[in-house]
Structure formats: C-alpha cells, structure tokens
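Reviewing the structure listed below.
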Ligand code: HEM
C-alpha cells in the first residue's frame, strides 16, 4: 500500500517524529512530496556510509535542484556547470580545489577581526533603530550576506534581488518549473557580474575565478552556489539559534562561557539542512539490511541522524556544554560543507556579540513562524526587545 508523502520538516525545533521513528528499522522506501520514491536513511552509521562512499552513492546531478523532481538533460545542462554538489570525483575534486584555499581555518582566523567589525556595525544599526527589532531582517540575514558578498565580490547593494530569488528557489511549495526559472535568473545576474569582472578583475573570489581556467558557465555556477550557501544556511542558524538561546538564561550563559562548544551543539540539535542532495546508487549495495539496486535514489535525513543515540547520550536534549561529537549538520565525506569554518566563526562571533551587547535581550514574537516549506530550515521573523 502506498505510504503518504513524507515531509522532511514540520514547525518546531525537533525533527519530524516519523523520521526519528524510522531509525530503528534501517532504511525504508518512502514517497517524497515532489513524487520521487527514495530510500530514506535516518541512522547515523548509515548516513555516514552513504555520504562517505561517493563511488557507490554518487551525487544525483539530475536532482540537484533540492526538493524538485529529476531534471531533463536540457535543464541539467543549464544548472549543472560549476556546482560541486552536481559532480562526483574527479570532476568534483577539480572544482572544489579551486576554492578550498579560501575557506580554510587559517584564512578564517585572518578574516575574523573584519567579521567582528561587520557584526559591530550591524549591532550599532540595530541599537539606533531601537527596541523592539526583528533579529532575522536586522542581523541574522545581513551578517552572513555582507561577509559572503565581500569575499566573492558580489555587490551587497543587490541583496534584495538575490535574496528574494534564493528564498523562492528554496521554496518547495512552488512548482519546480518556476524554481528552475529562478535558478536561471540567478545565473544570468551572475554572468553579468562575471563579464564585468573579466574586464576589471577585483581582489576577490570572482576576480580569481575569472582568471582561472574554468569555463564561463562554471565560474557562474560556482559563485551561485557559494552565494546561496554562504548566507541562507548561516542566517537560519543565527535566527533559530537566537530563539533557542534566549529561551533560558542558562543557555545564554553557556554560550558565553564556551562559544565553540555551544555552537557545535546548536548545529547538531537544530540541523538546518534537511537532506542535502539525493545520492544515486551506482552498483548493487547492502544498506541498513536492504539490498539497493543501481539507479535507486537515496536521501539522508541529517536531523534524524544527528538525534541518533549513537552520536550522543540523550540526543533530544540540548546541552550546550557537551561535546556534540562528529555530527553531520555539515554533511560528511567529499561534499562536507566547504564553508563550515566560515559558518562556525560567524556564528561564534555573532552570538557572542549580540548577547554581550544586549544582556537583557528577550523574545517578544507572539509565536514563532518556522520556514518549513524551505530547503533550509529557519524562522520568518524573530522580534526581540531590550
Ligand atoms: C555543502 C550545510 C554554510 C558552502 C554543504 C552540505 C551541508 C551544508 C549539509 C552537504 C550537502 C550534501 O552533501 O548534499 C551547511 C550549514 C551551514 C553552511 C548547516 C551553516 C551553518 C556554508 C557557507 C558556505 C557553504 C557559509 C559558503 C562559503 C557550501 C558548499 C558546499 C556545501 C560550496 C558543497 C561542497 C561540495 O560539494 O564539495 N553545506 N553549510 N556552506 N556548503 Fe555548506
């Protein structure tokens, strides 16, 4: 009997209970709302086995538009070039190597003083505008957006347009053709920027990439993914994280006492990326007690895996003072998030500065509106007062 389609997220801070319940049963065939039948993987060990083995579980380029059905060859030719999530090694390695050096821990340490300044300026603006304020629009979105724009060489002045495009692209309730058209708009915008950079390359990533041996459409695709991933994810972690931290004075104190530890636990407990890109089985393989055939699609639930008792004791508890273990909030294996060092640093700096500047900060939103129709989980708005 067909099962009803399974949604990957529902309002609230915990993963969809049916997903966690599946953990004990190994992998299971489910129907996704967009119509695909996939093997759903929820156990931490199985998720690591899939994401850690790109030879047997390749990245399904046809499913690179998250939450949309398979793309046709024509559509694929338009949105695939340059996107590291749409390739397996060695093609993936070639793309990733070009930008990996920009996001190392060492580069982030050099960048940190400037991120402090960006955060301080936003806090000044928030304070000037006065209490109450929306932390999402006034802080969580602008901080990572300003940072990634500067690193890439994308004008921050264009943020309203690209932000709007990315929100609609990530909206799984929109028809897939609409979302694909938005992806193409985004590429057209970046192609123009790349053209300009070619005649006057700046001292930024776009400048470096137009000088590299990448094809034009690859430069555009790579910058598109970095711009999208660089602010949507971190912004949502900042807004959900603030809602969680402000709910208890103990949590605020725990973050200020050990920000790095607390940020890892927030990443694990909140896990804003529901699944990442589906993988496709390339050769018959056993997983979670089932035999998977070539061509089968596999989707990993990162929130379910991060609440696996094999990762930490009492996984549903948020304990900001514990070591969150090697969670999979940034994925695992060759596609492990390229921007993880940047995201970690931004969160540490931003949470610490916001809580220090406004010691009496409190949430005044009458209710929290979760972005559960988006590929990346978050809050629509978070009203705070001080
Ligand atoms: C990949 C999560 C921030 C750039 C990924 C993946 C996850 C993830 C789960 C793996 C997807 C998969 O395997 O299918 C997050 C979270 C972030 C964050 C939770 C913030 C808290 C960033 C930032 C950047 C970035 C700031 C920009 C520099 C990328 C890129 C990939 C990626 C380029 C693809 C890597 C590859 O295919 O080799 N991210 N990300 N992410 N992320 Fe992030």
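The values are calculated or read from the model by the stated rules, or taken from the named source; none is laboratory data. What you see is a predicted model, and the numbers here were worked out from it, not measured in a lab. Don't worry about glycine lacking a Cβ; one is built from the backbone with ideal geometry, like all the others, and counts go over all protein chains shown.
Summary table below
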| quantity | calculated |
| --- | --- |
| Those residues of region 296-320 which are more than 24 Å from the chain's Cα centre (by Cα) and more than 15 Å from residue 50 (Cβ to Cβ), in sequence order | 313, 314 |
| Helices (runs of 4 or more DSSP H) wholly inside region 60-142 containing at least 3 residues that are surrounded by fewer than 19 Cβ atoms within 10 Å (Cβ to Cβ) and within 16 Å of the ligand (Cβ to nearest atom) | 91-100, 105-129 |
| Number of positions in region 51-76 that are out of contact with any helix residue (DSSP H, G or I) (no Cβ under 8 Å at 6 or more places or on another chain) and under 26 Å from residue 327 (Cβ atoms) | 7 |
| Qualifying residue in region 227-239 (condition: modelled with pLDDT of 95 or more and more than 9 Å from the ligand (Cβ to nearest atom)) | yes |
| Residue ID - surrounded by the most Cβ atoms within 10 Å (Cβ to Cβ), chosen from residues in region 322-332 that are within 16 Å of the ligand (Cβ to nearest atom) and touching a residue at least 60 places away in the same chain (Cβ under 8 Å) | 328 |
| Pick from region 27-50, criterion under 19 Å from residue 332 (Cβ atoms) and touching a helix residue (DSSP H, G or I) at 6+ places or on another chain (Cβ under 7 Å), ranking: surrounded by the most Cβ atoms within 10 Å (Cβ to Cβ) | 41 |
| Scan of region 20-35 for residues that are assigned to a loop (DSSP other than H, G, I, E, B) and within 22 Å of the chain's Cα centre (by Cα), ordered by number | 32, 33, 34 |
| Positions within region 333-381 being in a strand (DSSP E or B) and more than 11 Å from the ligand (Cβ to nearest atom), in sequence order | 362, 363, 370, 374, 379 |
| Subset of region 101-134 [closer than 21 Å to residue 246 by Cβ and either touching a residue at least 40 places away in the same chain (Cβ under 8 Å) or within 24 Å of the chain's Cα centre (by Cα) (or both)] | 119, 120, 122, 123, 127, 131, 132, 133, 134 |
| Single match in 77, 49 (criterion: over 20 Å from the mean Cα position of the chain (by Cα) and farther than 20 Å from residue 224 by Cβ) | 49 |
| Test: residue in region 180-193 that is surrounded by fewer than 17 Cβ atoms within 10 Å (Cβ to Cβ), over 17 Å from residue 227 (Cβ atoms) and more than 16 Å from the ligand (Cβ to nearest atom) | yes |
